[in-house]
Amino acid sequence: MGDRHEREGLAFWLVGFTLLVILPLLNVLPAEDSWLRVSDFTLNRFGKFLAFAILALGLDLIWGYTGILSLGHGVFFGLGAYAIGMHLMLAIGTESVYGSELPDFMVWNQVKELPLFWKPFYSFTFAFAAALLVPTLFALVFGFLAFRSRIKGVYFAIITQALALSAWLVFNRNETNLGGTNGLTDFKKMLGFRLSEPGTQRALYVITVLCLGAAYLLCRWIVRSRTGKVLVAIRDSEQRVLFSGYSPANYKLFVFVVSAALAGLAGMLYVPQVGIITPAQIGVLPSLEMVIWVAVGGRGTLIGAIIGAVGVNWARSILTNHFPDLWPFFLGGLFVAVVLLFPDGLVGLGRKLRVGWRGLHKPIAVPEPASKG
């Protein structure tokens, strides 16, 4: 166990150094035509994948370690994304298409005055706090009602899916004044820095890497603590945990809230790097895709959640560029393959291959000949 933790610690610092130092330097130092250069587009795209990895860590906590399948994490991601998106829309000011202080979609919808609930989002501090607190508080209320009612298993998955569908319907309505189906987009600047500038995007990438590292350490601390052991025990046998004197509902609520906060953080980091947030990114289908990221990487392993989120989205980026019609079939086939062929995900598959390789090269003990007489 000690050796494994040492190897994980070494891998964490090596990968962290590569993401935090090597990649940004390769974006700046090599010449434009050098094959070593990491383009602005690639660095920005990687920042988006790492934001998704933060969300996947939280989903792995609730599903992989606690055994609670949530199909509504797109909602928490969207709440964080919309909170910071509203601030970025207001920061556009008169640089909008219509030159109005109001966001363009409000001008289209004949809105004459900024709605009251938008006004606090002029403040970046308020928007930052809202991006973390709104999904957290929403998860606290939703989880309290669900877990106290002893809703679990497939029923919890169904109500979280219904939650995602409801949120999608609400955010699609123009009456909510959140941009309708077009969402929030055309952001110009953040804290006075132009989002179109490579330096701004590079800084956002570095912040995302730091947040991912902090999220990983937080999740690792939780799963290695006594709380983490109780979470795994809930996954394996909730009744046994209940009879041991623990309250499974409190532990499930705790991990659900932490998971939602990480999803909100991911949404907050995603928006300024991608430049858009729409209801299509917070509904049922995105929530299902998030589950597939964790399943492909290997649920119940933090590193698997990161690998799954980055790997699946990287594949999506490539396939949708060359074969856009095939992506849904690929994603579905991938999930079926994971369920049938490698249920422990890529991390579990790698572990089995490693064990098999060691078995092949294990020296065969030759019995000594029996002595005569």
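Yes/no per residue for (1) under 22 Å from the mean Cα position of the chain (by Cα); (2) under 14 Å from Leu79 (Cα atoms):
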| residue | (1), (2) |
| --- | --- |
| Glu101 | no, no |
| Phe105 | no, no |
| Lys119 | no, no |
| Tyr122 | no, no |
| Leu132 | yes, yes |
| Thr136 | yes, yes |
| Val141 | yes, no |
| Lys152 | no, no |
| Gln161 | yes, no |
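Restricting attention to the range 76-117, which residues are closer than 13 Å to Asn177 by Cβ, β-branched (Val, Ile, Thr) and assigned to a helix (DSSP H, G or I)? Result: Val107, single match. Considering the range 299-348, the residues that are in a loop (DSSP other than H, G, I, E, B) and charged (D, E, K, R) include one that is farthest from Gly47 (Cα to Cα), namely Asp344.
Scanning the range 114-137 for residues that are touching a helix residue (DSSP H, G or I) at 6+ places or on another chain (Cβ under 9 Å), hydroxyl-bearing (Ser, Thr, Tyr) and either free of Cβ contacts under 8 Å to residues at least 12 places away in the same chain or surrounded by fewer than 19 Cβ atoms within 10 Å (Cβ to Cβ) (or both) gives Tyr122, Ser123.
Residues in the range 305-354 that are in contact (Cβ under 8 Å) with a residue 40 or more places away in the chain and among the polar types (S, T, N, Q): 2 in all. For the range 192-243, the tally of residues that are charged (D, E, K, R), free of Cβ contacts under 8 Å to residues at least 12 places away in the same chain and part of a helix (DSSP H, G or I) stands at 4.
A quick yes/no check of all residues on (1) at pLDDT below 90; (2) of a type in the set (A, V, I, L, M); (3) over 13 Å from the mean Cα position of the chain (by Cα); (4) open to solvent by less than 20 Å² (accessible area, probe 1.4 Å):
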residue: Val258; (1), (2), (3), (4): no, yes, no, no
residue: Gly264; (1), (2), (3), (4): no, no, no, yes
residue: Leu288; (1), (2), (3), (4): no, yes, no, no
residue: Val296; (1), (2), (3), (4): no, yes, yes, yes
residue: Ala309; (1), (2), (3), (4): no, yes, no, yes
residue: Trp327; (1), (2), (3), (4): yes, no, yes, yes
residue: Lys352; (1), (2), (3), (4): yes, no, yes, no
residue: Arg358; (1), (2), (3), (4): yes, no, yes, no
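Only residues that are surrounded by 12 or more Cβ atoms within 10 Å (Cβ to Cβ), free of Cβ contacts under 8 Å to residues at least 60 places away in the same chain and either within 22 Å of Ile303 (Cβ to Cβ) or not polar (S, T, N, Q) (or both) were counted in the range 26-39, giving 4.
Pairs meeting the criteria (first residue in the range 282-294 and touching a residue at least 40 places away in the same chain (Cβ under 8 Å) and closer than 20 Å to Gly67 by Cα, second residue surrounded by 18 or more Cβ atoms within 10 Å (Cβ to Cβ) and of a type in the set (D, E, K, R), beta carbons under 7 Å, at least 6 apart or on different chains) are Val294/Asp60.
Scanning the range 102-113 for residues that are among the acidic types (Asp, Glu) and open to solvent by 60 Å² or more (accessible area, probe 1.4 Å) returns a single hit, Glu113.
As a summary of the residue check, Leu140 satisfies the conditions (1) under 30 Å from His87 (Cα atoms); (2) surrounded by fewer than 16 Cβ atoms within 10 Å (Cβ to Cβ) except for the one numbered (2). Here Ser196 passes the criteria (1) open to solvent by less than 30 Å² (accessible area, probe 1.4 Å); (2) small (Gly, Ala, Ser); (3) within 30 Å of Asn109 (Cα to Cα) except the one numbered (1).
The values are calculated or read from the model by the stated rules, or taken from the named source; none is laboratory data. Owing to the predicted nature of the structure, the values given are computational and were not obtained by experimental measurement. Methodologically, a virtual Cβ is constructed for each residue, glycine included, from the backbone with ideal geometry; neighbour enumeration extends over all protein chains shown. Accessible surface is based on the protein model in full, side chains and every heavy atom, while ligands, DNA and RNA are left aside. Shrake-Rupley method; radii C 1.70, N 1.55, O 1.52, S 1.80 Å.
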